[in-house]
Amino acid sequence: MTRSARLRRRLVEQLLDEDVLHAPEWVAAFRAVPRHVFLPRFFAPAGGLWAAVDRDDPGWLETVYSRDVLVTQLDDDPERWELARRTGPVAGTPTSSSSMPSIMAIMLEELRVRDGQRVLEIGTGTGYNAALLSHRCGAGQVSTVDIDPVIVAQARERLAVAGYRPSCAVGDGALGFPAGTLFDRVLCTASVSSIPPAWLAQTKPGGLIVTTLNRPIGAGLVRLVAGEDGTGRGRVLARDGRFMPLRAHRLPETGPLPMPSRDDWEQTRLPMSTVLQPRKQFEFFAGLALPGVRAVRDGADDEAPSVALVHPDGSWVRHRKRGGADEVAQGGPRALWELAEAAYVEWCELGKPERDRFGVTVTEQGQEFWLDAPDGRTWPLA
C-alpha cells in the first residue's frame, strides 16, 4: 500500500470516529479519491500571514490528508501563491479552499444521492469534491460550475489525472449550470444569502438542494425539496457546516467602530460567546432576532482583544471581560445588546429550540424561516 493510500485510510478512520461518515458508498469514495492530486500547492497560516506550501515541502502529504481546511487562493488572485513562494508569507483574504473533509462528508451524506441520479455541484474549487461525487455517482452523472476560469481549468486537469471527467463549466453558480440541464440533486460548496431561483428551476420536482447559508450570525446547512413551480421547502439541518460565500453573496467591509467612554460600559448576564458560537444553541435564533448584525474583531482593548457586533445602520456593541464579569458598551440608532438579551429571553420561553426545529420556505413572494411548521412563527431569510 502506498503512503498516500495509508493516509487516506487514516483520514477515513478519523471521519468515522468523528461520526460524520457512515454510508458505505461515501466511505469507499473517500478511500479511493486521491486528495493530494487536487492540492499540489496551498497556503498555510504563518503568523497572521499566508505561506506558500508546495508538494516538495516536508509534511505536504500529511497536511493534505489532515482534517484541516486548506486555503488555495487569496483575494481572488491566482498569482498570490507564486508571490508568496518568491518573497515569503503574504497578507490576504481566503477566497477559495479545499474544505474540511468532515464538512464535506456531512454535506455529501445529507444530499441523499441515489444510484443513477444527476448531481450539480456549485463551486468547483480544487475539484476534490467533484471527484468524490463522480466516484459515487458514476461517469456522466456529475456537473460542476465555478465563476473562476483559472480554478475550473486546474480542476478539470486534476480530475482527469485522477480518472474522473465530470462536466465542468465556467459561470456564476447562482445561475446554475449553463446548459440548463435538470438535476436530481444540487450541492453548493459555497454559502449563499438566499436560495437562487435558478437552482430550484434546474432541480426536478422532489429533488434535493443542500447548501450553506451566508448569514453573519446563525449560518449553517439547509436541505430543500424542490416543488413543481420553482418553490422549495425544507429544514435547517442539525449537523452544522460553514463555507466561503459565492462572490456575489459576500458581505461588505465594515468601517471603524466608535470608542466607548468609561461610563458606557455595563455588566450583562449574556456572554458574547452565547450569541456567536455555533455550539451554543442560541446562536441560530440570535441570527433571526438580529438580522444584518455581524461580528467583527475588536482590537480596541489591547489587553483582551474581543469581538464586537455591528449593523449597517451604524448600531454597534463592544464586549469585554472585567474581573470575571461580562461587560458591553453600545451605541448607534438601536440598542443591539438589549435586542440580543430580549431575544435570549424569548428563545428560553420557546423551549430553547435548536437549529433543526427550524425550516425554510422559498416562493416567488419571498424566502422565510419558520419554527416547527410553515404556518408557525416566521422570519425573513434575507
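The values are calculated or read from the model by the stated rules, or taken from the named source; none is laboratory data. What you see is a predicted model, and the numbers here were worked out from it, not measured in a lab. With ideal geometry, Cβ positions are generated from the backbone for all residues, glycine too; neighbour counts draw on all protein chains shown.
Pairing each residue of region 26-38 that is over 24 Å from Val53 (Cα atoms) with any residue that is among the hydroxyl-bearing types (Ser, Thr, Tyr), provided the two are 6+ apart or on different chains, yields C-beta distances under 9 Å for Ala29/Ser134.
Looking only at region 7-47, filter to residues that are under 30 Å from Ala91 (Cβ atoms) and among the small types (Gly, Ala, Ser); which one of those is surrounded by the most Cβ atoms within 10 Å (Cβ to Cβ)? Among them, the one singled out is Ala44. Selection of region 35-48 for residues being out of contact with any Leu (no Cβ under 9 Å at 6 or more places or on another chain) and under 10 Å from Arg158 (Cα atoms) yields only Pro40. Criterion first (surrounded by 20 or more Cβ atoms within 10 Å (Cβ to Cβ), hydrophobic (A, V, I, L, M, F, W, C) and closer than 18 Å to Ala219 by Cβ) does Ala340 satisfy it? Spelling it out, Ala340 is indeed surrounded by 20 or more Cβ atoms within 10 Å (Cβ to Cβ), hydrophobic (A, V, I, L, M, F, W, C) and closer than 18 Å to Ala219 by Cβ. Here region 264-288 is the region considered, the condition is being over 21 Å from Gly324 (Cβ atoms) and without any contact (Cβ under 8 Å) to a residue 60 or more places away in the chain, and the residue that is surrounded by the most Cβ atoms within 10 Å (Cβ to Cβ) is Pro278.
Taking the stated definitions as given, is Arg114 crowded, with 23+ Cβ neighbours inside 10 Å and more than 30 Å from Val296 (Cβ to Cβ)?
no
Checked against the criterion of being touching a residue at least 24 places away in the same chain (Cβ under 8 Å) and either more than 22 Å from the chain's Cα centre (by Cα) or over 26 Å from Val236 (Cα atoms) (or both), the candidates Thr72, Thr63, Thr87, Thr95 yield just one match: Thr72. Screening region 215-234 for residues that are of a type in the set (A, V, I, L, M, F, W, C) and in contact (Cβ under 8 Å) with a residue 60 or more places away in the chain and picking the one that is surrounded by the most Cβ atoms within 10 Å (Cβ to Cβ) gives Val222.
Looking only at residues that are surrounded by fewer than 22 Cβ atoms within 10 Å (Cβ to Cβ) and among the charged types (D, E, K, R) in region 184-214, which one is farthest from Thr361 (Cα to Cα)? Restricting to residues being surrounded by fewer than 22 Cβ atoms within 10 Å (Cβ to Cβ) and among the charged types (D, E, K, R), the top hit is Asp184.
Each row is one residue, and each column tells you yes or no for (1) within 26 Å of the chain's Cα centre (by Cα); (2) modelled with pLDDT under 95; (3) not in a helix (DSSP H, G or I).
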| position | (1), (2), (3) |
| --- | --- |
| Pro312 | yes, yes, yes |
| Arg320 | no, yes, yes |
| Glu327 | no, yes, yes |
| Arg334 | no, yes, yes |
| Ala342 | no, no, no |
| Trp347 | yes, no, no |
| Val360 | yes, no, yes |
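Of all residue pairs spaced 6 or more apart or on separate chains, those with beta-carbon atoms under 7 Å, a first member in region 350-372 that is acidic (Asp, Glu) and a second member that is part of a strand (DSSP E or B) are Asp356/Arg235; Asp356/Val236; Glu368/Thr361; Glu368/Thr378; Glu368/Trp379; Glu368/Pro380. Scanning region 223-239 for residues that are closer than 15 Å to Pro374 by Cα and either out of contact with any helix residue (DSSP H, G or I) (no Cβ under 8 Å at 6 or more places or on another chain) or among the aliphatic types (A, V, I, L, M) (or both) yields Leu224, Val225, Arg233, Gly234, Val236. Is at least one residue of region 64-71 within 30 Å of Val225 (Cα to Cα) and of a type in the set (A, V, I, L, M)? Within region 64-71, one or more residues are within 30 Å of Val225 (Cα to Cα) and of a type in the set (A, V, I, L, M).
So is Arg31 basic (Lys, Arg) and within 24 Å of Gly123 (Cβ to Cβ) or not? Yes; evaluated as a whole, the condition is true for this residue. Of the residues making up region 118-137, not one is more than 26 Å from Pro205 (Cβ to Cβ) and without any contact (Cβ under 8 Å) to a residue 40 or more places away in the chain.
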